[in-house]
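All of the numbers you see were taken from the coordinates with simple rules; none came from a lab. Everything numeric here is computed off the predicted structure, so don't read it as measured data. A quick note on method: Cβ atoms are made from the backbone with ideal geometry, for glycine too, and the neighbour counts reach across all protein chains shown.
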C-alpha cells in the first residue's frame, strides 16, 4: 500500500484507480499498485531506478493494458 500512496502523492492524481476510473477494476491492491507504479515510472522518465519501489517493482516487456485501462 505504501507504493500506491507514494506514487499517487508524486503523481498528484490517482483518479484512474478510483471508483469510476479506467483502471479501478479489478479492485485489488495488486492491480492498483501496478497501474500507479507504472504511471510513476513513466512520469519519471522510464529509468530502471524509477521502478525500484523497495524491490517490489519490475519492468514488463509486454503491454499490460486491458480494456479501457491503458498503461503509459
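Odds and ends about this structure:
- Boolean, residue 34 is assigned to a loop (DSSP other than H, G, I, E, B) and either under 12 Å from residue 71 (Cα atoms) or in contact (Cβ under 8 Å) with a residue 24 or more places away in the chain (or both): no
- Any hit, the stretch 14-21, residues being surrounded by 13 or more Cβ atoms within 10 Å (Cβ to Cβ), touching a strand residue (DSSP E or B) at 6+ places or on another chain (Cβ under 8 Å) and closer than 16 Å to residue 3 by Cα: yes
- Scope the stretch 2-31; condition under 20 Å from residue 65 (Cβ atoms) and part of a helix (DSSP H, G or I); matching residues: 3, 4, 7, 8, 11, 15, 16, 17, 29, 30, 31
- Selected residue (criterion: farthest from residue 9 (Cα to Cα)) from residues of the stretch 45-67 that are surrounded by 11 or more Cβ atoms within 10 Å (Cβ to Cβ) and touching a residue at least 24 places away in the same chain (Cβ under 8 Å): 64
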